[in-house]
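These notes are about the structure you will find just below.
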Amino acid sequence: MRAFLILSIFLSSTASLLAQVKYEKEYRIKGEQVPTEAKAFIDKLTFQRSIKWYKEESLTATTYEAKTKRNGQKYSIEFDSTGLIEDIEIQIKWVSIGEAVRASMDQALSRAYKKYRLIKIQRQWTGSAEDLVQAVQARSAGEQIQLRYEIIIKGKSETGWQWYEITFSDTGKLLSSKRIILRNTDNLEY
Amino acid sequence: MVSGLLILFCLASTQVLGQNSYRSGLLPTINLNQKLKQDWRINYQWQSRWIMAEGLFSEPAEKRWAYSLSDLSIVVSKKVQGNKGLALGFLTRFVGDEQRFRLLQQYTSVEKFPTFRLGHRIRADQTWGAKDAATFRLRYRLSLDVPLNGATTNPNELYFKLNHEYLMALESNDFSLEIRMVPMIGLFLTDNNKLETGLDYRYDKVGSSKSRHSFWWAVNWYYSFGN
């Protein structure tokens, strides 16, 4: 565990070293195709808006995702292949993050890229199912919840502009970076 | 939306249509895209037109099957900021024994949304030939690309694409407007290999007594290679 932590800290100091590629296949599914555990969790959150379910297949895992909106904020709730809750992501605005955390993120991004532009910012909550239900209902995370930020950016490096999914800790420390493979745009240009 | 209503209005008015001409046919296109280093790309395009019927709406349909023309073009582009592109290109049109030439400049931007993509294209082109006056055009195209199964299109799945374009042309001090509406169904074989087919509708010289409606059955093949 200690070796893993040391390795993580070492790697997080250089975003380019950490940069992985993010391959995902996401497709819409019906509620009946979702594991019962996942549906039961969503029922506890009593969202007013309808829930859209997606199945996501990446190189390493299969997950289920519920997407909805509450009070104008987009919620994305991710479950593992058996329906156990993994995390909750809530889309937020850059200015809603504390100034010191923002400054730390900006510093890390400016070190990793010549230029960058923010595309999407999400607050990511991880914790037990009970704590996450409470956090969603209270619209605020307690101490038991692990807070992280998942940010999509357009970053310019030596190889040109690329899209990245970057995870920051609650204090604004860069934890991981994955390059997003964007689809070919030839049929929208010619 | 406004153009859609305008097209519907014109199609509903048989008196107007009676004086207008039409043509229909086949429009196959091959798009080869070569990816180079540092976000440079080259697009090689071949497009051909085959007439199946043409004439005036007020007269009996004149059906015939005839080759009309072929276009060959090469466009060099550079991607900037990941989703935007600047391009310069050259096109040669072969119509019978006549040849026309076109220079083109374009700016493109593709925005990705959770369940669809939106493309913007602004293109300027200048066309000349031995027999015709030079034509200068400025065009804007909006493209929508929506997966028909899920949030993203996966291999061997279908997608819907809609192109909507406005073309302003200036030829010998005559200004004209053309509107295009192109709904298509695409087969996503891989990210580098796509087939599309659908109706390519063009309403040329909008509002003029010499308006022309073109109905092309378009078949597009996009293939990318390199780097």
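With the requirement that a residue be away from chain A (no Cβ under 12 Å) and in contact with a Lys or Arg (Cβ under 6 Å, 6 or more places away or on another chain), what does the range B:213-225 give you? The answer is B:Ser214, and nothing else.
Could you please find all residues in the range B:110-163 being more than 19 Å from B:Asn193 (Cβ to Cβ), outside any strand (DSSP E or B) and not small (Gly, Ala, Ser)? Selection gives B:Phe113, B:Pro114, B:Thr115, B:Phe116, B:Lys131, B:Asp132.
Each row is one residue, and each column tells you yes or no for (1) farther than 23 Å from A:Ala61 by Cβ; (2) touching a Ser or Thr at 6+ places or on another chain (Cβ under 9 Å).
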{"residue": "A:Glu99", "(1), (2)": "yes, no"}
{"residue": "A:Ser104", "(1), (2)": "yes, yes"}
{"residue": "A:Ile119", "(1), (2)": "yes, no"}
{"residue": "A:Gln122", "(1), (2)": "no, yes"}
{"residue": "A:Arg148", "(1), (2)": "no, yes"}
{"residue": "A:Ile152", "(1), (2)": "no, no"}
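Taking A:Ile166 as the residue in question, decide whether it is out of contact with any His (no Cβ under 7 Å at 6 or more places or on another chain), in a strand (DSSP E or B), within 12 Å of another protein chain (Cβ to nearest Cβ) and of a type in the set (A, V, I, L, M, F, W, C).
No.
Here is the figure for the range B:90-117: residues that are among the polar types (S, T, N, Q), within 19 Å of A:Asn187 (Cβ to Cβ) and under 17 Å from the mean Cα position of the chain (by Cα) total 3.
For every residue, the table says whether it meets (1) touching a residue at least 60 places away in the same chain (Cβ under 8 Å); (2) buried (at least 18 other Cβ atoms within 10 Å of the Cβ); (3) touching a Leu at 6+ places or on another chain (Cβ under 6 Å); (4) in a strand (DSSP E or B).
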| position | (1), (2), (3), (4) |
| --- | --- |
| B:Ile179 | yes, yes, no, yes |
| B:Val182 | no, yes, no, yes |
| B:Gly198 | no, yes, no, yes |
| B:Val206 | yes, no, yes, no |
| B:His213 | yes, yes, no, yes |
| B:Trp216 | yes, yes, yes, yes |
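Output the residues belonging to the range A:169-187 that are more than 11 Å from chain B (Cβ to nearest Cβ) and of a type outside the set (Lys, Arg). Result: A:Ser169, A:Asp170, A:Thr171, A:Gly172, A:Leu174, A:Leu175, A:Ser176, A:Ser177.
Out of A:Arg70, A:Arg28, A:Arg2, A:Arg49, one residue alone is modelled with pLDDT under 90, over 30 Å from A:Gly160 (Cα atoms), more than 15 Å from the chain's Cα centre (by Cα) and within 14 Å of chain B (Cβ to nearest Cβ). It is A:Arg28. If you check B:Ile179, B:Ile185 for being at pLDDT 95 or above and away from chain A (no Cβ under 14 Å), only one passes: B:Ile179. Contact map, the range A:101-116: residues that are more than 17 Å from A:Arg148 (Cβ to Cβ) paired with residues that are surrounded by fewer than 16 Cβ atoms within 10 Å (Cβ to Cβ), Cβ distance under 8 Å, separation 6+ or inter-chain. Pairs shown: A:Ala112/A:Thr14; A:Ala112/A:Ser16; A:Tyr116/A:Ser110.
Scanning the range A:132-163 for residues that are within 14 Å of chain B (Cβ to nearest Cβ), of a type in the set (S, T, N, Q) and either free of Cβ contacts under 8 Å to residues at least 40 places away in the same chain or in contact with a Cys (Cβ under 9 Å, 6 or more places away or on another chain) (or both) yields A:Thr159, A:Gln162. Of all residues in the range A:84-119, those satisfying the criterion of being within 14 Å of another protein chain (Cβ to nearest Cβ), surrounded by fewer than 19 Cβ atoms within 10 Å (Cβ to Cβ) and assigned to a strand (DSSP E or B) are A:Gln91, A:Lys115, A:Arg117, A:Leu118, A:Ile119.
Given the criterion polar (S, T, N, Q), touching a Lys or Arg at 6+ places or on another chain (Cβ under 8 Å) and within 12 Å of chain A (Cβ to nearest Cβ), identify the matching residue among B:Gln105, B:Gln99, B:Gln81.
Answer to the selection: B:Gln81.
The values are calculated or read from the model by the stated rules, or taken from the named source; none is laboratory data. Please read these numbers as outputs of a predicted model, since none were measured by experiment. Every residue, glycine among them, receives a Cβ derived from its backbone with ideal geometry; neighbour counts consider all protein chains shown.
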